[in-house]
Protein chains: 2
Amino acid sequence: MVTIKDVASAAGVSATTVSNVIHGYHSRVSKETADKILAVIEEMGYIPNMSARSLVSRSSHVIAMINHLPSDASGDLILDPFYLRAIAQIETSMRESGYYLMLRTCNTRRDLVTFLQNWNADGLFVTGAIGEEFSEALAGSDRPVVLIDSPLRNENLSYVLQDDYQGGVLAARHLLEHGHTQLGYAVTTVQGQNMFPERLRGFREELARAGHPLDEKRIFTCCSRSLASSLSLVDPVEAAITEGMTALGVCSDQLALLIMSQLQKRGYSLPAQLSMIGFGDLPQGILTTPELSTIHYDIEAKAVQAVSCMSKMLSGEQTELAQIILPVTVVDRGSVARL
Amino acid sequence: MVTIKDVASAAGVSATTVSNVIHGYHSRVSKETADKILAVIEEMGYIPNMSARSLVSRSSHVIAMINHLPSDASGDLILDPFYLRAIAQIETSMRESGYYLMLRTCNTRRDLVTFLQNWNADGLFVTGAIGEEFSEALAGSDRPVVLIDSPLRNENLSYVLQDDYQGGVLAARHLLEHGHTQLGYAVTTVQGQNMFPERLRGFREELARAGHPLDEKRIFTCCSRSLASSLSLVDPVEAAITEGMTALGVCSDQLALLIMSQLQKRGYSLPAQLSMIGFGDLPQGILTTPELSTIHYDIEAKAVQAVSCMSKMLSGEQTELAQIILPVTVVDRGSVARL
DNA sequence: TTGTAAGCGTTATCAG
DNA sequence: CTGATAACGCTTACAA
């Protein structure tokens with residue numbers, strides 16, 4: 001391994017000077033020696049050791065992507081398709097800014113604190129079901145933190161998410177506008193997650209405002225994103241159709257597509273016998289017949305915003321918190337019939 | 001920040017002793033002092049600094065998941081659904097063994113070498129389009145390396161992948177057994193990737209052996225996993241149907257499901273007018289009508305094997321290379337009609 | 001513009 | 001069993 005000292009002695013200068021060159025402190029070293037040192041670095045193949053660097057400077061150049069899973073929850077959340085896109089986006093951007101991405105699941109506050117001290121991460125993206133205790137620990141760290149899809153909107157932390165409540169509202173409104181009044185809602189409950197419940201809340205409250213309160217019996221719940229659990233919703237939904245339900249809001253496109261396909265398998269004609277609207281605007285939504293109407297938000301923008309927010313905080317360019325709520329819109333693709 | 005020295009002085013011992021306690025070297029320290037030190041550690045909330053640790057010991061406790069993208073390729077590969085599951089699996093297992101997972105995209109060999117030296121990673125999982133040059137650099141490092149879905153089977157490296165060639169063979173055989181002789185194959189070409197071409201190769205060679213060589217005009221190619229690119233396959237496939245093609249092998253379930261849905265949208269009745277068989281056995285395959293027949297391999301096992309292989313090498317328990325090729329099987333779900 | 005020296009937090013060596 | 005002491009590779013006052 002080539003160290004900075006090796007370079008220094010090979011170039012006939014001190015380690016300090018080499019260090020200064022590496023960090024581009026042009027004012028502290030003559031162009032002449034700088035060029036020479038650069039040449040030696042290239043020739044010897046010197047590559048700095050990040051451990052040594054982060055030990056002495058207070059910056060580790062590590063950005064962590066923390067996924068909080070409350071104790072016994074399965075790795076469910078991490079299987080969200082958005083998550084992978086976010087990781088890709090974050091890794092790319094952070095890498096281009098000279099950072100390294102660490103992925104870490106933390107079950108407890110203690111895990112988090114330990115991890116933070118272990119590596120002295122420069123910044124944190126945090127996803128998952130963050131509770132009070134956890135967010136408190138985050139706020140307590142002096143590092144930039146960006147919450148992604150956080151269930152709680154902590155005033156001391158930056159966050160990025162879509163307007164789930166409004167999405168629920170728009171979904172309800174869309175169905176109402178098409179003449180539906182016998183409505184239901186299908187929702188996946190993921191422990192500690194607030195995203196889906198918010199969508200339901202928007203849906204429910206908008207219906208109440210419109211004078212068509214949601215019948216609690218027509219809220220169809222499954223307890224995980226697994227196929228088996230999702231499939232268990234189909235029977236109750238079918239029963240509700242028989243009893244007059246004409247339209248269904250669904251908390252995610254994934255679930256909507258699943259219900260749709262199962263109903264069609266059972267011989268239902270859609271949207272004639274049931275109108276549906278999803279949430280998230282997955283690409284698969286245009287593959288079905290009918291195509292899936294849904295609530296759209298810019299998934300790419302979400303990752304971009306998170307990254308740009310982090311970058312600004314890291315560079316010190318921005319100190320105030322960024323609390324970004326992405327707008328949602330209805331995409332009408334034909335899975336909602338006009339009554 | 002509480003350091004090991006702080007603990008030492010608080011406990012009235014030397015830093016060395018504290019270190020010994022932390023590492024569980026029971027033989028080198030009396031139970032009495034050990035207990036006392038443990039108590040102090042707990043009380044003061046001491047948490048070791050990994051940078052310092054990896055600087056002095058030769059182990060960083062960092063495991064890197066390297067994704068190699070050849071220069072201009074888009075982040076396509078990382079969007080493979082398997083990738084996320086692999087990450088989740090790897091992060092969990094490695095964490096339980098006391099390691100930290102870093103995610104890193106490397107475009108060039110140089111990127112890789114730099115990264116390796118930067119962090120002195122203890123082990124490497126590598127995905128993506130690895131060429132000779134890249135794999136040589138990997139073999140040159142003294143750290144355990146596990147290639148996942150590597151296009152080349154480097155004799156000096158461990159790898160895990162499914163039997164893509166045999167999958168192609170089985171797909172061809174399945175179609176032949178159902179009486180089809182007018183066959184085609186749809187394949188996504190991802191730069192530097194060998195997985196899909198291998199599937200095609202197996203398909204093609206099996207057909208040749210059976211005396212029904214694949215008409216090169218019936219190989220339908222698209223150049224990325226993007227929706228737009230995939231959709232461009234549908235027209236040619238439709239044309240081929242008109243000209244007598246009765247069955248289609250497809251390199252992935254994703255693509256198969258897309259083609260299936262588009263043909264159905266255009267009024268084709270499946271599998272009556274076209275039989276199809278995919279590859280990968282995605283959960284979505286059971287949502288369609290007909291359900292998608294496919295080539296199955298155990299995606300979970302793939303990640304598990306990769307992890308277990310890495311663990312063994314890290315613990316020194318195993319020094320020989322593990323070169324694992326997962327078996328594939330046909331899953332008959334009804335998207336292949338009997339002629 | 002350059003160099004010296006101290007020290008970041010930890011582990012390893014070796015002597016007591 | 002325990003403890004000095006010297007590294008590990010690098011940055012950063014401060015001195016020249």
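Brief remarks on what is shown
- Count of segment A:18-32 residues which are surrounded by 14 or more Cβ atoms within 10 Å (Cβ to Cβ) and within 12 Å of DNA strand C (Cβ to nearest atom): 5
- Total residues in segment A:11-52, condition touching a Ser or Thr at 6+ places or on another chain (Cβ under 8 Å) and within 16 Å of A:Met1 (Cα to Cα): 6
- Inter-residue pairs, beta-carbon under 8 Å, first at pLDDT below 90 and of a type in the set (A, V, I, L, M) and in segment B:104-133, second part of a helix (DSSP H, G or I) and crowded, with 21+ Cβ neighbours inside 10 Å, 6+ apart: B:Ala129/B:Leu77; B:Ile130/B:Leu138
- Matching residues, segment B:265-307, being surrounded by fewer than 17 Cβ atoms within 10 Å (Cβ to Cβ) and not in a loop (DSSP other than H, G, I, E, B): B:Lys265, B:Pro283, B:Glu300, B:Ala301, B:Val304
- Residue satisfying all of: in segment A:37-66; of a type in the set (S, T, N, Q) and within 7 Å of DNA strand D (Cβ to nearest atom); farthest from B:Ser54 (Cα to Cα) among these: A:Ser57
- Note on segment A:225-235: among residues that are within 14 Å of chain B (Cβ to nearest Cβ) and in contact with a strand residue (DSSP E or B) (Cβ under 7 Å, 6 or more places away or on another chain), the one that is nearest to A:Pro213 (Cα to Cα) is A:Leu233.
- Number of positions in segment A:44-60 that are touching a residue at least 12 places away in the same chain (Cβ under 8 Å), surrounded by 19 or more Cβ atoms within 10 Å (Cβ to Cβ) and assigned to a helix (DSSP H, G or I): 2
- Residues that are in a helix (DSSP H, G or I) and buried (at least 23 other Cβ atoms within 10 Å of the Cβ), drawn from segment B:136-154: B:Leu138
- Meets criteria (acidic (Asp, Glu), surrounded by 15 or more Cβ atoms within 10 Å (Cβ to Cβ) and more than 14 Å from every other protein chain (Cβ to nearest Cβ)) for A:Glu216: no
- Some residue of segment A:50-68 being touching a helix residue (DSSP H, G or I) at 6+ places or on another chain (Cβ under 7 Å), of a type in the set (A, V, I, L, M), away from chain B (no Cβ under 11 Å) and within 13 Å of DNA strand C (Cβ to nearest atom): no
- In the set (1) out of contact with any helix residue (DSSP H, G or I) (no Cβ under 8 Å at 6 or more places or on another chain); (2) more than 9 Å from every other protein chain (Cβ to nearest Cβ); (3) more than 30 Å from B:Cys251 (Cα to Cα), B:Ser97 fails one condition alone, (1).
- Matching residues in segment A:1-17 - criterion: being more than 8 Å from DNA strand C (Cβ to nearest atom) and either in a loop (DSSP other than H, G, I, E, B) or β-branched (Val, Ile, Thr) (or both): A:Met1, A:Val2, A:Thr3, A:Ile4, A:Val7
- Filtered residue count, segment A:140-156, keeping only those that are under 16 Å from A:Val307 (Cβ atoms) and over 13 Å from the mean Cα position of the chain (by Cα): 3
- Qualifying positions in segment A:233-288 - hydroxyl-bearing (Ser, Thr, Tyr) and over 16 Å from B:Gln284 (Cα atoms): A:Thr242, A:Thr246, A:Tyr268, A:Ser269, A:Ser275
- Test: residue in segment A:33-43 that is near DNA strand C (Cβ under 8 Å from one of its atoms) and in a loop (DSSP other than H, G, I, E, B): no
- Within segment A:252-270, being more than 9 Å from chain B (Cβ to nearest Cβ) and among the charged types (D, E, K, R) holds for A:Asp253, A:Arg266.
- Candidate set from segment B:1-25 (those that are under 40 Å from the mean Cα position of the chain (by Cα) and more than 24 Å from A:Ser141 (Cβ to Cβ)); member that is nearest to DNA strand D (Cβ to nearest atom): B:Asn20
- Pairs meeting the criteria (first residue in segment A:1-19 and within 14 Å of another protein chain (Cβ to nearest Cβ), second residue more than 9 Å from DNA strand D (Cβ to nearest atom) and outside any helix (DSSP H, G or I), beta carbons under 8 Å, at least 6 apart or on different chains) are A:Val2/A:Gly45.
- Taking the numbered list (1) in contact with a strand residue (DSSP E or B) (Cβ under 8 Å, 6 or more places away or on another chain); (2) more than 25 Å from B:Gln191 (Cα to Cα); (3) charged (D, E, K, R) in turn, B:Glu238 passes all entries but (1).
- Test: residue in segment A:107-123 that is buried (at least 17 other Cβ atoms within 10 Å of the Cβ) and more than 14 Å from chain B (Cβ to nearest Cβ): yes
The values are calculated or read from the model by the stated rules, or taken from the named source; none is laboratory data. Fair warning: this is a prediction, and the values are worked out from it, not measured in the lab. With ideal geometry, Cβ positions are generated from the backbone for all residues, glycine too; neighbour counts draw on all protein chains shown.
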